[in-house]
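The values are calculated or read from the model by the stated rules, or taken from the named source; none is laboratory data. Here the structure is a predicted model, which is why all the values come from computation and not from measurement. Here Cβ is always computed from backbone atoms with ideal geometry, including for glycine, and neighbour counts include all displayed protein chains.
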2 protein chains.
Amino acid sequence: MLIVQKYGGTSVGTTERIRAVAERVRRTVAKGDQCVVVVSAMGHSTDALVTLASELVDKPADREMDSLLATGEQVSASLLAMRLIHIGCPAMSLTGWQAGIETEAVHKNARITSIDTNALKTLLEQGITPIVTGFQGIAAGQITTLGRGGSDTSAVALAAALEADACEIYTDVDGVYTTDPRVVRQAKKLDYVTYDEMLELANLGAQVLHPRAVENAKHFSVRLIVRSSFSEEDGTQVVSMMENQMEERQVVTGIAFERQVARIAVIGVPTKQHGLASIFSKLAEHGVNVDVIVQSVVSEAAVDVAFTVNEADIDKAVEVVETLRNGLHFERIESAAELAKVSIVGAGMISNPGVAAQMFVTLRDTDIHVQMVSTSEIKVSCVIPAGDVEAAVQALHRTFVEAEREADLTVTES
Amino acid sequence: MLIVQKYGGTSVGTTERIRAVAERVRRTVAKGDQCVVVVSAMGHSTDALVTLASELVDKPADREMDSLLATGEQVSASLLAMRLIHIGCPAMSLTGWQAGIETEAVHKNARITSIDTNALKTLLEQGITPIVTGFQGIAAGQITTLGRGGSDTSAVALAAALEADACEIYTDVDGVYTTDPRVVRQAKKLDYVTYDEMLELANLGAQVLHPRAVENAKHFSVRLIVRSSFSEEDGTQVVSMMENQMEERQVVTGIAFERQVARIAVIGVPTKQHGLASIFSKLAEHGVNVDVIVQSVVSEAAVDVAFTVNEADIDKAVEVVETLRNGLHFERIESAAELAKVSIVGAGMISNPGVAAQMFVTLRDTDIHVQMVSTSEIKVSCVIPAGDVEAAVQALHRTFVEAEREADLTVTES
């Protein structure tokens, strides 16, 4: 088997942790598997570099920032390689350019365009484990970086290019949970999720996998495994729908939630104005990220457009929409902060009608007032008062996860 | 003018210092000069990386150590480049491989074999100041480092390859002194020294220039200037003999000294045994660095061989020589610690007979017992008791530097 193992910043945060990672890699190789390791920068070392830069310049040049930050992974890769060599496991650290990772010629958020796997394959053939710096590549001789979650992206891209049998993402949690265990004590680790569910669950508590990496994994059918570098637990496998359907599944895989949501409603937008296009182009232009969008028809002549933004952006968003008043001739703007979004996620939802209704019933029985609803094929989201989020998540977890599990148990025992 | 400026670790030790260096580079460019900057790693950042490695491995793999340490200069180069861009001076950081610095394919102590100056020249033509990481290069796709004083070597090699008009070495002292100002208050900054004098003075107090860089500068006739990044002083120019002879010079340029010297004497080595060869091959084999070597003929049948080593190596050296007893049939070994070496250095010495005698007279008059003497074309060294080193240096400074200076002043004033 060829396995790509990616270790995040916490997993290589201290030399003590690097020893543990080296031991895990050594064991993988000792079992007879080939291993390509991808590492992030040690713990908070990237933050330390960012602080240095900020002491010198408000907005550092992108190229120089990439060159600065790329050193973080080079440090952890070299340290891990020397430790592996020390414990008798031949290894070699490789920077982005040494590993043949070509990217677009942009800085700070480049996409990988191709990987020349020759260097890696030669090392593997010689029995040497390559330790590749995550998060970085090269474009026309310049060091580039891949932006947030870049090391996950590096790992998935390497797994795809090398046609690896699996891509293990090591982090400080032991997998993906049905919801945040800090909110619901009964939250249960999932053995499997689909790529799509993983995307919808991305903002669940610990952000274990970057969405871009998940998208790439889905696109190249890379078998992803999220697991802890601190334990021997099996973790959660992220697989395609196909594979997933072969086993009995719960309708709802997990309950996701997000706090600090604000709702803005533009009331009475004349239909002929095509308000949606103007409003959301303008917001994007000003860098306001919009999440849920709902449009409802009030009359033939006018519509109400409502959307959510992060609470921090509420004033800016209202201001931006206000500038459109003369063009759009809307009636008024309403805004409300201190909201939250709670979602049920599950690939099984498509074939199970009535799941949304069950969600609404659960929330009504918990006396929670739903302010907005938005649905996708594998998700139903409700915007609710921020103060109700824990009660909502606990109730939904009982309805969709715990109840179903009890049912399963009954069946198994009969 | 094309100037290579090298800034050492103390000069870029903090972001505050990097601001100051950026300002100096900006001013150089604003004057109309072209500038290539070479930087060391920030202050003690290299030590921090070495500590990390030592927490993992006793003897880290050389290749990985190079890859680890090379990040230090990449950090300071990126930071300096972004600061320069910020203050309106176009700049770009370049790692060893980006700057085209090719080395031998060895790690930790590689020599530069060639520099492809195309990238640098292109940047200079575009009015962009290259900020090159010192201490490192590339060999067959592998990151290599140049060993101690490597950044000085990088700077001199770049100055030679680019045929620069000068190579300015910025450090935390404002030049080369006639002796250590901590020992002799009247020590005087030298405006000029020759390459050879610089080599002999290398171990003088602050080790301002690495010998290898001086040798290279001499070989390629690079005009070296040692100066402080903390002041606007002119510094000391390191020039060739030719240039230097054109002006009136003192016979003795400076007084060098070294503490922690031990002397070992092998007494009564039969002449036919070729003792010198065996003794010093064996010592080199065991990694004992030998400094002064003196052989005196006792009789036709036997010689006495005496040499100095660092005090820390005295036991090891005696042990090594002891293993040769059966082969060499020498009479006995004598050893003495707590010694020091004091030297007078000056390119003018060759044409001034009697300088050595003047040194011995000065030491005798100061009641200092000379234990060993060794001479070169531009240096006379005496091994003396460690307790006498300050008195010796002060007396020699009075005889050769202060007295001569007074004479100069008299002439000038007449």
Just a yes or no: is a residue in region A:2-14 within 12 Å of chain B (Cβ to nearest Cβ), free of Cβ contacts under 8 Å to residues at least 40 places away in the same chain and farther than 24 Å from residue A:147 by Cβ?
yes
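Per-residue answers, yes or no, for (1) surrounded by 24 or more Cβ atoms within 10 Å (Cβ to Cβ); (2) assigned to a strand (DSSP E or B); (3) within 14 Å of chain B (Cβ to nearest Cβ); (4) in contact with an Asp or Glu (Cβ under 6 Å, 6 or more places away or on another chain):
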{"position": "A:73", "(1), (2), (3), (4)": "yes, no, yes, no"}
{"position": "A:102", "(1), (2), (3), (4)": "no, yes, no, no"}
{"position": "A:106", "(1), (2), (3), (4)": "no, no, no, no"}
{"position": "A:114", "(1), (2), (3), (4)": "no, yes, no, yes"}
In the set B:120, B:79, B:84, B:124, the lone residue that is surrounded by 20 or more Cβ atoms within 10 Å (Cβ to Cβ), away from every other protein chain (no Cβ under 12 Å) and either over 26 Å from the mean Cα position of the chain (by Cα) or modelled with pLDDT under 95 (or both) is B:120
Reported set for region B:117-148 where residues are assigned to a loop (DSSP other than H, G, I, E, B) and in contact with a helix residue (DSSP H, G or I) (Cβ under 9 Å, 6 or more places away or on another chain) is B:117, B:127, B:128, B:134, B:135, B:141, B:146, B:147, B:148
Answer yes or no as to whether residue A:98 is within 19 Å of residue B:94 (Cα to Cα), facing chain B (nearest Cβ under 10 Å) and outside any helix (DSSP H, G or I). yes
The number of residues in region B:136-178 that are aromatic (Phe, Trp, Tyr) and under 25 Å from residue A:95 (Cα atoms) is 0
Restricted to region B:23-38 and to residues being of a type in the set (A, V, I, L, M) and part of a helix (DSSP H, G or I), the residue nearest to the other protein chains (Cβ to nearest Cβ) is B:25
Of the residues in region A:302-317, those that are hydrophobic (A, V, I, L, M, F, W, C) and within 20 Å of residue A:258 (Cβ to Cβ) number 6
Among residues of region A:1-12 being out of contact with any His (no Cβ under 8 Å at 6 or more places or on another chain) and in a loop (DSSP other than H, G, I, E, B), the residue nearest to residue A:154 (Cα to Cα) is A:8
Counted residues in region A:282-312 being among the polar types (S, T, N, Q), exposed (fewer than 13 other Cβ atoms within 10 Å of the Cβ) and within 14 Å of residue A:266 (Cα to Cα) come to 1
Scanning region B:339-373 for residues that are touching a residue at least 60 places away in the same chain (Cβ under 8 Å) and surrounded by fewer than 14 Cβ atoms within 10 Å (Cβ to Cβ) gives B:352
Exception for residue A:20 within (1) assigned to a loop (DSSP other than H, G, I, E, B); (2) within 12 Å of chain B (Cβ to nearest Cβ); (3) closer than 25 Å to residue A:85 by Cα falls at (1)
Residues of region A:316-330 being surrounded by 13 or more Cβ atoms within 10 Å (Cβ to Cβ) and outside any helix (DSSP H, G or I), in sequence order, are A:324, A:329, A:330
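Of all residues in region B:50-62, which are assigned to a helix (DSSP H, G or I), at the interface with chain A (Cβ under 7 Å from one of its Cβ atoms) and out of contact with any Pro (no Cβ under 6 Å at 6 or more places or on another chain)?
Of region B:50-62, the ones assigned to a helix (DSSP H, G or I) are B:50-56, B:62.
Among the residues that remain, those that are also at the interface with chain A (Cβ under 7 Å from one of its Cβ atoms) are: B:52-53, B:55-56.
Passing the criteria: B:52, B:55, B:56.
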Of the residues in region A:152-187, those that are among the charged types (D, E, K, R) and at pLDDT 90 or above come to A:152, A:163, A:165, A:168, A:185
